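Beneath this line is the structure, given in structure tokens, with notes to follow.
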Amino acid sequence: MTSHEPTTYETDEAVALNEQPRSDETHDGEQLDLADRNSLRRVAGLSTELEDISEVEYRQLRLERVVLVGVWTEGSATDAENSLTELKLLAETAGSEVLDGLIQRRQRPDPATYVGRGKVEELAEIVQATGADTVICDGELAPSQLRNLEDRTKVKVVDRTALILDIFAQHAKSREGRAQVELAQLQYMKQRLRGWGGNLSRQAGGRVGGDGGGIGSRGPGETKIETDRRRINDRIAKLRRELGEMRKTRDTKRANRQRNQVPAVVIAGYTNAGKSSLLNRLTRAGVLVEDALFATLDPTTRRTETSDGREYTLSDTVGFVRHLPHQLVEAFRSTLEEVSDADLVLHVVDGSHPDPEGQINAVREVFAEIDALSVPEIIVVNKADAADPLVLSRLLSREPHAVVVSARTGEGIDELLSAIEADLPTPTAKVDVVLPYERGDLLNQIHLHGEIDTLEHTAEGTHVVARVHDDLAGALAAYA
């Protein structure tokens, strides 16, 4: 196997390697998932008068028309505008058409309606004038705030958390990913059950008479909302059990890598920073690449080699975002633990983003939640071909252990590979052995998991001086 030539090692419910030739420009492989998302397919039974329409055209006809609302409580006006711009990208990723956006400067969000009374009236007028059918708020709303805003604007209101959960639900492909998203959605929904016209608050029981169910329905009773909450709790418990079983499988795979002393390198970072593109560039994994937030959720792991033949694994992870919902962090904890258990983290940053420092801080906040701040880190500033040189210089001065690359053009990839090799954990036990020629298996283990200082073929066997891990040193002791 030549230097940096990958082999399929492990795919945690991931995209398999594609056998077709890959473009040398992007190394993104045959993007079958992306092609399927964007393909035009005829849908039986859907027609406008006498003309059939495609599925994509049908979706476009049903796009939600939304108005964005944000509350600026801290930071600069640029920070507030960047946050609302990101909310716009999230809304478009979810399949919405953004019509307008509002920002209000306040010390804290209004406890009743998120924005002040005057801004609510202005929002209702904009909704009516634009014909919007949804309002998206740039924050997590309390149930009372959701209800009050819907009562005032007469349209559906969702918050940032519900929007991100909706995107995750659209993009989750693996069984584990779908279970994690459903768990997060149920945890969010459980606190926000509500009914219209009292249909969730009616309670059967007691002396219900002619208005109730009669014989068999008398007793203390239970409201509809209580029944729904109980069912949600039952479903949450079942999902936790299923995820626990899946976690055992993931832990077994991780234990196998650790037992074989295979270093683990994890690619983490802000969503749409180019993590999947970088994985494809380094390993030709053929993972889906799309210019959209949270395009890929399911982790992918590939085994590759350093220039001197040492093996290590390279894993892609779910992307992060500002104010990542805590329900998602909790539901995806088993996946995110790949970061905290890694030997090295490639923290990918979008160099062309208006606020790359904000991306770095947001990702490190999630690292703190999953106890991953102590893992060695290389800042990988991606999209160098589209970034401002002054921004790149600023990032390099702020983050000394950083490498500037372009996953699209290949710029800086060799420098990144050298940085990875330098930061991988090195074996500590030094051995000086003469291996019989029939023990080529041990020599192969030294090549894969050790660092060879000298190697010489003699009449007695292969004379090797190397540094290896303790387990391998014990197996080599007989030939010292």
Quick tally, 1.4 Å probe accessible area for Tyr312, Tyr437, sorted with the most first, runs Tyr437, Tyr312
Candidate cut points under GluC sites (Glu not before Pro) in segment 57-134, DSSP loop plus at most 14 other Cβ atoms within 10 Å of their own Cβ, are Glu74
A chain fully extended from Lys253 to Ala478 at 0.36 nm per residue, minus the present Cα-Cα distance, gains in nm 78.0 nm
When every protein chain stays in place and a 1.4 Å probe is rolled, Leu186, Leu279 sorted by accessible area with the largest first are Leu186, Leu279
Set Lys253/Lys383; Lys154/Lys190; Lys119/Lys156, cut-off 28 Å on Cα-Cα distance; pairs above it are Lys253/Lys383
Taking protein heavy atoms only, a 1.4 Å probe, and rounding to whole percent, the accessible area of segment 304-462 owed to carbon and sulfur comes out at 50
Per residue, accessible area of segment 430-476 with a 1.4 Å probe, heavy atoms of protein chains only, in Å², comes to 53
Counting only protein heavy atoms and rolling a 1.4 Å probe, one gets per residue an accessible area for segment 114-158 in Å² of 47
Residue-ordered couplings for segment 160-175, obtained by feeding phi - 60° into the Karplus form 6.51 cos²θ - 1.76 cosθ + 1.60 and rounding to whole Hz (Gly and Pro as x), are 4, 4, 4, 5, 5, 4, 5, 5, 4, 5, 6, 9, 5, 10, 6, 4
Expressed in square angstrom to the nearest 10, the accessible area of Ile103 with a 1.4 Å probe stands at 60
Note to self: with every protein chain in place and a 1.4 Å probe, segment 350-427 gives an accessible area per residue in Å² of 45
Descending accessible area (1.4 Å probe), largest on the left, turns Met246, Met189 into Met189, Met246
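The values are calculated or read from the model by the stated rules, or taken from the named source; none is laboratory data. These numbers were taken from a predicted model, which means no experiment stands behind them. We place every Cβ from the backbone using ideal geometry, glycine too, and count neighbours over all the protein chains shown. Each accessible area value is taken on the protein alone, full model and side chains, heavy atoms only, with ligands, DNA and RNA left out. Shrake-Rupley method; radii C 1.70, N 1.55, O 1.52, S 1.80 Å.
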